[in-house]
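Reviewing the structure listed below.
The values are calculated or read from the model by the stated rules, or taken from the named source; none is laboratory data. The model shown is predicted, which means the values in this text are computed figures rather than measured ones. Note that each Cβ is placed from the backbone with ideal geometry, even for glycine, and that neighbours are counted across all protein chains shown.
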Amino acid sequence: MLSPALPLNELSRQASLERMNLTTTPDDLALDRITTMAKLHFGVPIALVSLIDGERQWFKSCQGLSVRETPRNVSFCGHAILGEGIFLIEDAFADARFADNPLVTGEPHVRFYAGFPLENSEGYMVGTLCIIDHQPRAFSAADAQMLTLLGGTAQTLLAHKKTDFRHNELLARLGQAERELLLDAHLRVWNKQAMANFLSSELDTANNTGRPLALCVMDVDNFKQVNDTLGHLAGDSVLIQVVAHLRTAIRTDDLLGRLGGDEFIALLPGVGLAHAERIGQKMARALPPLRGRTERLTPCDAEHRHRRL
């Protein structure tokens, strides 16, 4: 196995990636849409936006994998960021660099890989948009063109992500380890402490400007029954689906967090009561049915109220 070399600008590249706050902020709906499109268009089981930091590759958007990171020294994406074009492995077993790679010989059984390197606004290659298959496959010029188009879109989103996020100034005052503590490690949404911080900031803004602010709190009916009958792994899978669907119901400027267990909160800046009610109803409708069961997961508490955090 050949581990990826380090770029000549590695220290400054890592510093640039850290300034983007991408590894310490929740999953992004726009990037999830790109990886979903890639997965569907190419008919592959796995599509990722992978970010390469010091010791790992971390998946900012992840379709088809249950893990969110792997070591950098076994990553295909670590090789991809060393160049500017698509990094292509049509059959990993036929490539001496990867034939004995643990990601090839074991889970997730990578056999085909194509990765488009993503350059940030400061000119550093920080990660890839990649597609992965369990079988070898050919990759045509048309395939390369489509992956380049999707990768270019992901690259544009990443380039503007730092300026788009409303609370970067608040996060900038914290170290990376402190920022990591504000994320729910499993669901990749803000946790209770983070939402308390953001609520305080938004309340100050609302009081100073008169801008409305709404808060939606929701929990999931019968979730304990899901855990009791299907087990906690199934329950975790359901919560991941719930979060993915709730993201489609809110705006990009809204903040989604987990208060604990099956209870979620959405902070909606600039939204009055009537609009908040419509968003709450949309969030309720977004919850998916539970696979293999006839009942539907529904919110048992979807109202707009003041809540002490």
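Quick notes on this structure:
- Counting only residues that are hydrophobic (A, V, I, L, M, F, W, C) and surrounded by 15 or more Cβ atoms within 10 Å (Cβ to Cβ), segment 94-105 holds 3 of them.
- For segment 186-215, a residue qualifies if it is outside any helix (DSSP H, G or I), under 19 Å from residue 280 (Cβ atoms) and under 20 Å from the mean Cα position of the chain (by Cα), and the qualifying residues are 189, 190.
- Count of residues meeting criterion [over 12 Å from the mean Cα position of the chain (by Cα) and surrounded by 21 or more Cβ atoms within 10 Å (Cβ to Cβ)] in segment 16-41: 3
- Residue 253 fulfils the conditions (1) surrounded by fewer than 16 Cβ atoms within 10 Å (Cβ to Cβ); (2) out of contact with any Lys or Arg (no Cβ under 8 Å at 6 or more places or on another chain) except for a single criterion, (2).
- Flag if residue 76 is among the aromatic types (Phe, Trp, Tyr), closer than 21 Å to residue 112 by Cβ, in contact (Cβ under 8 Å) with a residue 12 or more places away in the chain and in contact with a Gly (Cβ under 7 Å, 6 or more places away or on another chain): yes
- Flag if residue 236 is out of contact with any strand residue (DSSP E or B) (no Cβ under 8 Å at 6 or more places or on another chain), assigned to a helix (DSSP H, G or I), over 13 Å from residue 187 (Cβ atoms) and modelled with pLDDT under 85: no
- Qualifying positions in segment 34-76 - of a type in the set (Phe, Trp, Tyr) and within 21 Å of residue 11 (Cα to Cα): 58, 59, 76
- Against the list (1) in contact with a Phe, Trp or Tyr (Cβ under 6 Å, 6 or more places away or on another chain); (2) more than 23 Å from residue 121 (Cα to Cα); (3) not polar (S, T, N, Q), the condition residue 45 fails is (1).
- On inspection, residue 100 does not qualify as in contact (Cβ under 8 Å) with a residue 60 or more places away in the chain, touching a Ser or Thr at 6+ places or on another chain (Cβ under 9 Å) and of a type in the set (D, E, K, R).
- Within segment 49-68, considering residues that are in contact with a Ser or Thr (Cβ under 9 Å, 6 or more places away or on another chain) and free of Cβ contacts under 8 Å to residues at least 24 places away in the same chain, the one surrounded by the fewest Cβ atoms within 10 Å (Cβ to Cβ): 66
- The one condition in (1) part of a loop (DSSP other than H, G, I, E, B); (2) surrounded by fewer than 20 Cβ atoms within 10 Å (Cβ to Cβ); (3) at pLDDT 95 or above; (4) not aromatic (Phe, Trp, Tyr) that residue 110 fails to fulfil: (2)
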